[in-house]
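The next block holds one structure in the form of structure tokens; read it before the comments.
The values are calculated or read from the model by the stated rules, or taken from the named source; none is laboratory data. Because the structure is predicted, anything quoted here is derived from the model rather than measured. Methodologically, a virtual Cβ is constructed for each residue, glycine included, from the backbone with ideal geometry; neighbour enumeration extends over all protein chains shown.
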Amino acid sequence: MIKLLVVDDNQDILELVDCIYSDHPEIETIMANSGKEAESILKESGDKIDIILSDYEMPDGDGGYLYKVNEKYKKPFIFHSSSLDYNLKHINESESFKTFYFEKPADFDEITDCINKITDGFIIFEEKYYPISPTIILRYIKVFKEIYIKVNDTFLLICSEDRLNIDFVLKHLKMGKVKTFYVKSNELKNISESVVKGNKEDVEVGDFLEVLTTSYELAEFGNKEFENATMLLMDVYNNFKDDFKDLINRFSKQGNFVIAHSLMASHLSMLLLSRLRLDNKKLCQSFLHAYIIHNTKLNEDEIYKEKFHHQIKELNFSEIKDFKVRELITKHHLIGNIDFKKCSVEQKVFNFCHLASIHLLDKNNKSPSIIDFTLSNPDYDSCRSFIENIINKN
């Protein structure tokens, strides 16, 4: 068992760490509120402590003080502090024990991974499995090293690199009893990185988008992959507009509404932005990026919290660097509201296309007809007049 000495003057942090590692029977946490208290624990049972995880700024002995004390005990030392940039200059890194740095608040999966490296893989991580659509599995069955199905809360390996059991997978699909397959996160990362690096011959842009949106663990990838997805899709749109519409049709026929909806809304918005002469590449990219992630639950979008609390894992608003993306998403449920009049032109386009795409896909994916849609929805007077003015522009 690993004994982890956790030092922080914030009781909430101590309780959080204790809660997180309660799921790891391999780790025992010992808590201290200051550097001096941690020093006392080391004096009494230093031989039993394996690793120190410490804040920096604390009364009664800060992290720098405890770091010097540790010269005697030589325990691997992990700084977890929100003031590292300022205080690093006060730390003379020791050569007698390993030192690691995490900006607070850190992802505790990363800290756990760090602990695991320190202890040569002593911690047993619970495996994570992510759902993938049958379409992706079939198209890239030779790319995935392991494919699982879920039976009674147990994940069963049905196909692997050593045993490429394609017929068995096809059999499960034809029987119709298995609608979702599972892969591990590293498999998704492999496909993600393949596209990001530009290896388009291995993974199609649309498939990459499907992997992102059907994994239901969007935080596994981060905002950079979304940005890359939008750039690639923008290239498809700019250079091969028919291909872009084919993507919409493909996902619609597959029953993947989330992706077809996003792409349809994007396609409509490009048409309107072009009519308004606002179709510069930066703005179009922001629109597409916003449509890709608008089904994600955002922690500052109260409307979304109330109506769609069951949706995909929360995405931290601060992670979205593009302000326009954030602005579009937070306003995208106002189309039937009087606040629609107060929206910017870009927000109005985004709102309308968001709702219009749902309408069009519900009509079995007919060819987009903005006029038919606006005239068939007389309740949205503000929206209709806005769209008709655009349509009638010379």
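Tabulated data for the structure shown
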quantity: The lone exception for His24 - which of (1) closer than 18 Å to Phe102 by Cα; (2) within 31 Å of the chain's Cα centre (by Cα) it fails; calculated: (1)
quantity: Considering residues of region 202-219 that are among the hydroxyl-bearing types (Ser, Thr, Tyr) and outside any helix (DSSP H, G or I) only, the residue modelled with the lowest pLDDT; calculated: Tyr216
quantity: Matching entry among Tyr101, Tyr129 (being among the aromatic types (Phe, Trp, Tyr) and in contact with a Leu (Cβ under 8 Å, 6 or more places away or on another chain)); calculated: Tyr101
quantity: Verdict on Lys177 being modelled with pLDDT under 70 and of a type in the set (Lys, Arg); calculated: yes
quantity: Matching entry among Ser45, Ser96 (being loosely packed, with under 15 Cβ neighbours inside 10 Å and assigned to a loop (DSSP other than H, G, I, E, B)); calculated: Ser96
quantity: Answer residue from region 1-46, given it is touching a residue at least 12 places away in the same chain (Cβ under 8 Å) and of a type in the set (Gly, Ala, Ser) and is nearest to Tyr67 (Cα to Cα) among those; calculated: Gly35
quantity: Condition check for Phe308: farther than 22 Å from Lys245 by Cβ and modelled with pLDDT of 60 or more; calculated: no
quantity: Top-ranked residue of region 9-42 - restricted to ones that are touching a Leu at 6+ places or on another chain (Cβ under 6 Å) and part of a helix (DSSP H, G or I), ranked as farthest from Ser83 (Cα to Cα); calculated: Ala38
quantity: Those residues of region 220-250 which are closer than 21 Å to Ser133 by Cβ, of a type in the set (A, V, I, L, M, F, W, C) and modelled with pLDDT under 80, in sequence order; calculated: Phe221, Phe226, Ala229, Leu232
quantity: Whichever residue in region 322-351 is more than 26 Å from the chain's Cα centre (by Cα) and surrounded by 18 or more Cβ atoms within 10 Å (Cβ to Cβ) and, among such residues, is modelled with the lowest pLDDT; calculated: Ile335
quantity: Residue that is surrounded by fewer than 21 Cβ atoms within 10 Å (Cβ to Cβ), more than 19 Å from Leu355 (Cβ to Cβ) and modelled with pLDDT of 75 or more, where the choices are Leu276, Leu271, Leu283; calculated: Leu283
quantity: Residues that are farther than 18 Å from Asp107 by Cα and modelled with pLDDT under 90, drawn from region 12-56; calculated: Pro25, Glu26, Glu28, Ser45, Gly46, Asp47, Lys48
quantity: Check on Ile52, in contact with a helix residue (DSSP H, G or I) (Cβ under 8 Å, 6 or more places away or on another chain), in contact (Cβ under 8 Å) with a residue 60 or more places away in the chain and crowded, with 18+ Cβ neighbours inside 10 Å; calculated: no
quantity: Helices (runs of 4 or more DSSP H) contained entirely in region 235-293, each with at least 2 residues that are hydrophobic (A, V, I, L, M, F, W, C), within 27 Å of Asn392 (Cβ to Cβ) and more than 22 Å from the chain's Cα centre (by Cα); calculated: 241-253, 257-275
